[in-house]
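The values are calculated or read from the model by the stated rules, or taken from the named source; none is laboratory data. What you see is a predicted model; the values in this text were computed from it and never measured. Glycine also receives a Cβ, built like all others from the backbone with ideal geometry; neighbour counts cover every protein chain displayed.
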Amino acid sequence: MDVQAEPGRVADERWLGRLTCLAIVVALLLRLVRLAVLPGEMYGDITIVWEYVHRIRGGEWPMYFDLSSGPLYHYLIAPITLVAGLDFTGLKIASVLVSLGVLAVTYVLARQLVDRSLAVMTLCISSVSSWLLVFSRLGNSQIVTPLLTVAVLVLLVRAARTPEWWPPALAGVIAATGLLAYPQTFVLAPVMFVTLLCMWATGTGIGRRHVLVFAGGVGLGSLLLVVVMHRSPVDFSNGYVGAKFDGGSDWLSTGLGNVWRSALAFNWRGDRGFRSNPVQQPHLDLLSGFLMLIGIVVWLQPARRRWAPVVLVPFVLLQVPAALVLANPADVPSASRTLLVAPLAYLLVATGLWWIVGELRRQRGARVAVAMCVALLSVVTVTNTRRYFVDYADGLPNHNTPFGRVIADYLEGQPDETHAFVVGCCWGEWGQPEPKGIRYLDANAAANGLVELSAETFDCAALHALPRPAVLIWSPSDDRPSSLLDDCAGEFSPELRYAPNGTEVFRVISLPNG
């Protein structure tokens, strides 16, 4: 593959400006269309975000890891929720805004490394890719991880081109904040340190002073971790985070298998989880995967090798934590644990496109090159739109029928003095509805006071003791809330409630005063 001749610009500045505007419009549309209903279920991980942000807004200043989610993202979006609202839609809007930040900083990185044409193509690819799009609309905290990655890299590239001290210092501080985000970003600082050393070795302008200032920034940014570990030390030993690395006696073969599956995730078989990915589809569509392979080759050529460490070193090393989930090899590959390298994958995809278009421009002229660019980008856009709005949506629980939202809407229609009870939970596919999700969907006082009851102990005496007026909700597959209600079954008449698409969601009885 000949890359000695530098590919020319795809078109003039006017063409690139139009393509940039189109990419921005498409990015906004894909992130905002049907945002309130897709995804529809406020599941357990999202309730963690809600509770964390609620505590921050209440002035508690929490500093802990809840499951694998640290405090960084929640403090970042707390101001956004003051405007967008602290409900599921508000949390989604916050993740959309963070994802737009990812797109913007990725654009800057590509432009710093090559030129505007590559930056615009990278923006086009990253705007439509279903991998990033899933997390852009999910309302969950993983979306902060790619933002950290590209922000640090932009600062390192700037550090190589300016004598100012603040870019490497700020890069170190931001890299250290990965210790407050997710387990997969715990290695962000050391990986970026290795990247910096490789940039020094390839003659990009990085020197000893940059390395020392970066290390100082990492030390300064790491101080907050001391507070987190002091408050919740178990998370870093045998808690949820620490337990992920226990691979037992067969850790070597497990680790090698994880590495192999992770390597195939971009082009062959991806995450089997339905919330993070269209089930088992690769992280990239077929065309993007092919272009990424071309892009890797381009960055390994002499014409690009000097700056290649900025792209390739973190792209490889930041995937190591995903392969170290030794206790649960079935969770590998993971779209969420490798999301922090998504911008670099898109830069590689765009590099493949950029090279093809540049070669066409040199051999066939600008008109043919522009036509090919538009055609390939159109295929990627259409493919990824279908991957998200059709394949991903259909793979969600009950084909994205939001049981919690249907129940919350029903409760909102009840009088304010109504007491709400749910017997049992999680009767839909993959454990919906989440009772906390019902509470946090901005329902009225009845939903906010939702009380969970156990079907194993709920008998006629418990039924008669409920405060009135009340509504009692349970699974649609059962004629009564509990098998212990046989003696008083004639006292109530259940009503079956449906979602707008006709899916049975729950049964309910109303218990009036008196």
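What to note about this one:
- Looking only at region 483-514, and only at residues there that are of a type in the set (S, T, N, Q) and closer than 22 Å to residue 416 by Cα, the one that is modelled with the lowest pLDDT: 513
- Here region 448-464 is the region considered, the condition is being touching a residue at least 12 places away in the same chain (Cβ under 8 Å) and in a helix (DSSP H, G or I), and the residue that is surrounded by the fewest Cβ atoms within 10 Å (Cβ to Cβ) is 464.
- Neighbours by Cβ (under 7 Å, 6+ apart or cross-chain): first from region 465-477, over 11 Å from residue 509 (Cβ atoms); second assigned to a strand (DSSP E or B) and aliphatic (A, V, I, L, M): 468/511; 469/511; 476/496; 476/505
- Some residue of region 197-215 being among the polar types (S, T, N, Q) and either free of Cβ contacts under 8 Å to residues at least 24 places away in the same chain or in a helix (DSSP H, G or I) (or both): no
- Qualifying residue in region 296-317 (condition: polar (S, T, N, Q) and surrounded by 16 or more Cβ atoms within 10 Å (Cβ to Cβ)): no
- Failed condition for residue 89, given (1) in contact with a helix residue (DSSP H, G or I) (Cβ under 9 Å, 6 or more places away or on another chain); (2) surrounded by fewer than 24 Cβ atoms within 10 Å (Cβ to Cβ): (1)
- Matching residues, region 405-440, being surrounded by 20 or more Cβ atoms within 10 Å (Cβ to Cβ) and of a type in the set (D, E, K, R): 405, 434, 436, 439
- Near pairs, Cβ below 7 angstrom, 6+ apart or cross-chain, from region 265-285 (buried (at least 22 other Cβ atoms within 10 Å of the Cβ) and part of a loop (DSSP other than H, G, I, E, B)) to any residue that is at pLDDT below 90 and polar (S, T, N, Q): 270/280
- Taking region 311-332 as the range and being at pLDDT below 95, part of a helix (DSSP H, G or I) and among the hydrophobic types (A, V, I, L, M, F, W, C) as the test, the residues that pass are 320, 322, 323, 330.
- Test: residue in region 126-149 that is within 30 Å of residue 440 (Cβ to Cβ), touching an Asp or Glu at 6+ places or on another chain (Cβ under 6 Å), in a loop (DSSP other than H, G, I, E, B) and not charged (D, E, K, R): yes
- Total residues in region 327-340, condition buried (at least 23 other Cβ atoms within 10 Å of the Cβ) and not basic (Lys, Arg): 8
- When 72, 100 are checked against the criterion of being surrounded by fewer than 23 Cβ atoms within 10 Å (Cβ to Cβ), over 27 Å from residue 400 (Cα atoms) and either under 15 Å from the mean Cα position of the chain (by Cα) or among the small types (Gly, Ala, Ser) (or both), a single residue qualifies: 72.
- Matching entry among 76, 16 (being over 27 Å from residue 396 (Cα atoms) and at pLDDT 95 or above): 76
- Complete set of residues in region 40-73 that are farther than 25 Å from residue 433 by Cβ, at pLDDT 95 or above and hydroxyl-bearing (Ser, Thr, Tyr): none
- Test result for residue 463, touching a strand residue (DSSP E or B) at 6+ places or on another chain (Cβ under 9 Å) and over 26 Å from residue 394 (Cα atoms): yes
- Tabulated pairs, region 147-176, first modelled with pLDDT of 95 or more, second outside any helix (DSSP H, G or I) and aromatic (Phe, Trp, Tyr), C-beta under 9 angstrom, 6+ apart or interchain: 157/307; 159/165; 160/307
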